[in-house]
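What follows is a set of notes on a single structure, which appears directly below.
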Amino acid sequence: MSDTAAIELVGVHKDFLSHGDTVQAVKPTDLAVGQGEFFSLLGPSGCGKTTTMRMIAGFEEPSGGTVFLDGNDVTGVAPHKRDVNMVFQSYALFPHLTAYQNVAFGLERKKVAKDEIRRRVGEMLEIVSLTGMEKRSPREMSGGQQQRVALARALVNGPRALLLDEPLGALDLKLRQQMQIELKRIQREVGITFVYVTHDQGEALTMSDRIAVMEGGRIDQLGTPREIYEKPATRFVAGFIGTSNLLDGSVDSVTGGVALLVFGPEEKVLVPVPASVTDGAKLEISVRPEKIDLSRDAPAAADCSVLTGTVREVVYHGTSTNYTVRTSAGADLVVFDQNAYSAEDLAGPGDRVYLTWSPQHSYPIGVRP
Amino acid sequence: MRHRLAPYLLVLPGGLWLLLFFVVPMVTMLSLSLQEGDVVNGYVLTGHWQTYVDAITNYRVQLVRSLIYGAITTVLLIVAAFPVAYFIAFYGRRRKATFLFLLLLPFFVSFVLRTISWRYILTDEGILLGPLKDAGLLADSFHILGTPVAVILGLVYNFLPFMVLPIYVALERIDPRVVEAARDLYASPLLAFRKVVFPLALPGVFAGVLMTFVPASSDYVNSAVLGSSSTTMIGQVIQSQYLVSSNYPTASALSFTLMAVLLIGVFAYARALGTEDVMKVAAR
């Protein structure tokens, strides 16, 4: 990553007028995407991720703020004069042109020499494994192939950044997983900054260097996939990324940066907290289902969180078995148990069980240091 | 057995209709064009091909004029209809249906009546020329009525929706993302139009030309109402041969000749520019 960000948004926001009311589709946002980074904008539909991307591409003008590409202010610059290219959700291939002509379109507009165009289009079609398909029209190609043409058509221009708007949304699961790996490979190969818009958290986690999780026109959290999964900043992020268990409680005591919350005679939760948290503070704690151990016997170790409860549901998922446990702390906790050693269930519905996890596997949400 | 007959039964109503009102009149007309005689003494089928030779020789001027008027009308229609269709398709939003209705609204009034109203607009001291002449912007002797301009204007006006609608349908089918993709790939708005929107609209233009050139070339109302003896079109000749001169063989022969010329023209046009090829040519 060099010093100048490939893409930078400073105070960018977008207001729409709807039935006489102003709606902020994107609230004032600051964002910097590094050179060569695979950056994802993740969120449910209507969270403002697509609008943000369209402001980078130039299809939407921000209502305020500045857009920088490679350090140059491009706010108000028309899309065809911006050195970024986009892969559209529905591919938006030119139906009247062949695969080759589709890919060559941008280079022709840039008045690149004919030989050069032939060479670069050929190379790009090879990268996306479409050699031999030059003369096909989009109509004669499968969804996956059209997807590759769309990708090649954007990448062949060697843009500063590639913007991808839910590019895999229309493909079936198998093909989507295959394309995820392929996209990642292509990105490494060409070394171009990718900005990837998706509502699929699995996709974002597997592919991205960094993710911005958006909700209601705002970035809730920006970080690496690991940070976002392990330390969700808000309740929304915790719920949107993977499955999360949330516990509410107040702090009884803090010792050595670890807060103790007591829920019953043998029930307690230990969670590492920043110094700002003191006795009596209300906390919302997130624990991932795969971090929790489920057992019918009381745990031996004293320095871990323990809750008791009754198993309500057992669902077999092949690689894991999922248990839903109603705890005395007032919340239903989900536990994933890997079926690594035993094909037998650890407990059945109605069984009294102990849930344990080590303190570093839980995280207080929304607490500022 | 029943399901095998079903397709033929389905064809039956339309087929009978065509037989009765298309094939039978055509055969009658062909036979009429090869008959000799007059209204009083009746006509006899003699296979007199000379009628065709005479009719074409005598009315060559009107025939060629009609084709020229038809061609000019078609070109002007494309120029006039494209922006209208473009506006409705891309900027009509929720009012698309309203705009299309407005486009068709005048056509609830009879064809002839509407054409006659153009006389009032175009007449020498009418609402258009009157004020311009009073203001001294036009010479007093200036006139439009009775000229080819008036006739072609009337034709363009009367056939406008038949060009707008097919172009609109073609434009409406264009995914706006495809236009954005062109803009994203360094095409200016004008270039995006030329390289993407226009080629994709060509099938509509193609259909519009078919729907307007044929009826415009064989039209007989606009020239009769807005033109003069120097703008007589072949449709008028046929009409007067039938209804005024009662010269049925000549009228039939002219009708057949016009039909043949238009059919050959349309086929040549379709062969030369199949819609697929049209788009490929334009995309170059």
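The values are calculated or read from the model by the stated rules, or taken from the named source; none is laboratory data. Computed from a prediction, not measured in an experiment: that's the story for all the values here. Because the Cβ atoms are built from the backbone with ideal geometry, glycine has one as well, and the counts that use them run over all protein chains shown. Just the protein is used for accessible areas: all its heavy atoms, side chains included, with ligands, DNA and RNA removed. Shrake-Rupley method; radii C 1.70, N 1.55, O 1.52, S 1.80 Å.
Tabulated results
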{"item": "Residue that is nearest to residue B:187 (Cα to Cα), among those in region A:97-116 that are more than 7 Å from chain B (Cβ to nearest Cβ) and open to solvent by less than 10 Å² (accessible area, probe 1.4 Å)", "result": "A:107"}
{"item": "Conditions (1) of a type outside the set (A, V, I, L, M); (2) within 25 Å of residue B:221 (Cβ to Cβ); (3) touching a residue at least 60 places away in the same chain (Cβ under 8 Å): number failed by residue B:52", "result": "(2)"}
{"item": "Among (1) at pLDDT below 90; (2) part of a helix (DSSP H, G or I); (3) buried (at least 18 other Cβ atoms within 10 Å of the Cβ), the one test that residue A:153 misses", "result": "(1)"}
{"item": "Matching residues in region A:216-229 - criterion: being in contact (Cβ under 8 Å) with a residue 60 or more places away in the chain and open to solvent by 60 Å² or more (accessible area, probe 1.4 Å)", "result": "A:218, A:222"}
{"item": "Qualifying residues in region B:161-178 (those that are of a type in the set (Val, Ile, Thr) and more than 14 Å from every other protein chain (Cβ to nearest Cβ)) - the one surrounded by the fewest Cβ atoms within 10 Å (Cβ to Cβ)", "result": "B:169"}
{"item": "Search result, residues across region A:81-96 that are aliphatic (A, V, I, L, M), open to solvent by 10 Å² or more (accessible area, probe 1.4 Å) and either facing another protein chain (nearest Cβ under 7 Å) or touching a Phe, Trp or Tyr at 6+ places or on another chain (Cβ under 7 Å) (or both)", "result": "none"}
{"item": "Spans of strands (runs of 3 or more DSSP E) in region A:1-80 with at least 3 residues buried (at least 21 other Cβ atoms within 10 Å of the Cβ)", "result": "A:7-18, A:21-33, A:38-42"}
{"item": "Residues of region B:196-211 classified as of a type in the set (Val, Ile, Thr) and under 24 Å from residue B:262 (Cβ atoms), total", "result": "2"}
{"item": "Every residue from region A:32-60 that is touching a strand residue (DSSP E or B) at 6+ places or on another chain (Cβ under 7 Å) and within 21 Å of residue A:191 (Cβ to Cβ)", "result": "A:32, A:33, A:35, A:36, A:37, A:38, A:39, A:40, A:41, A:53, A:56, A:57"}
{"item": "Of residues in region A:182-213 being more than 21 Å from residue A:228 (Cα to Cα) and either in a helix (DSSP H, G or I) or acidic (Asp, Glu) (or both), the one most open to solvent (accessible area, probe 1.4 Å)", "result": "A:188"}
{"item": "Extreme residue, least open to solvent (accessible area, probe 1.4 Å), among residues of region B:18-52 that are β-branched (Val, Ile, Thr) and in contact with a helix residue (DSSP H, G or I) (Cβ under 9 Å, 6 or more places away or on another chain)", "result": "B:51"}
{"item": "Filter result (crowded, with 19+ Cβ neighbours inside 10 Å, of a type outside the set (Val, Ile, Thr) and more than 7 Å from every other protein chain (Cβ to nearest Cβ)) within region B:183-202", "result": "B:192, B:195, B:201, B:202"}
{"item": "Considering residues of region A:260-297 that are crowded, with 18+ Cβ neighbours inside 10 Å and β-branched (Val, Ile, Thr) only, the residue modelled with the lowest pLDDT", "result": "A:277"}
{"item": "Single residue of A:280, A:318 found to be on the phi > 0 side of the Ramachandran plot and more than 30 Å from the chain's Cα centre (by Cα)", "result": "A:280"}
{"item": "Cross-chain or 6+ apart pairs with Cβ under 7 Å, region B:212-228 first and acidic (Asp, Glu), then surrounded by 24 or more Cβ atoms within 10 Å (Cβ to Cβ)", "result": "B:219/B:155; B:219/B:233"}
{"item": "Condition check for residue A:350: in contact with a Lys or Arg (Cβ under 6 Å, 6 or more places away or on another chain) and either of a type outside the set (S, T, N, Q) or surrounded by fewer than 14 Cβ atoms within 10 Å (Cβ to Cβ) (or both)", "result": "no"}
{"item": "Options B:238, B:264: the member that is on the phi < 0 side of the Ramachandran plot, more than 14 Å from chain A (Cβ to nearest Cβ), crowded, with 22+ Cβ neighbours inside 10 Å and among the aliphatic types (A, V, I, L, M)", "result": "B:238"}
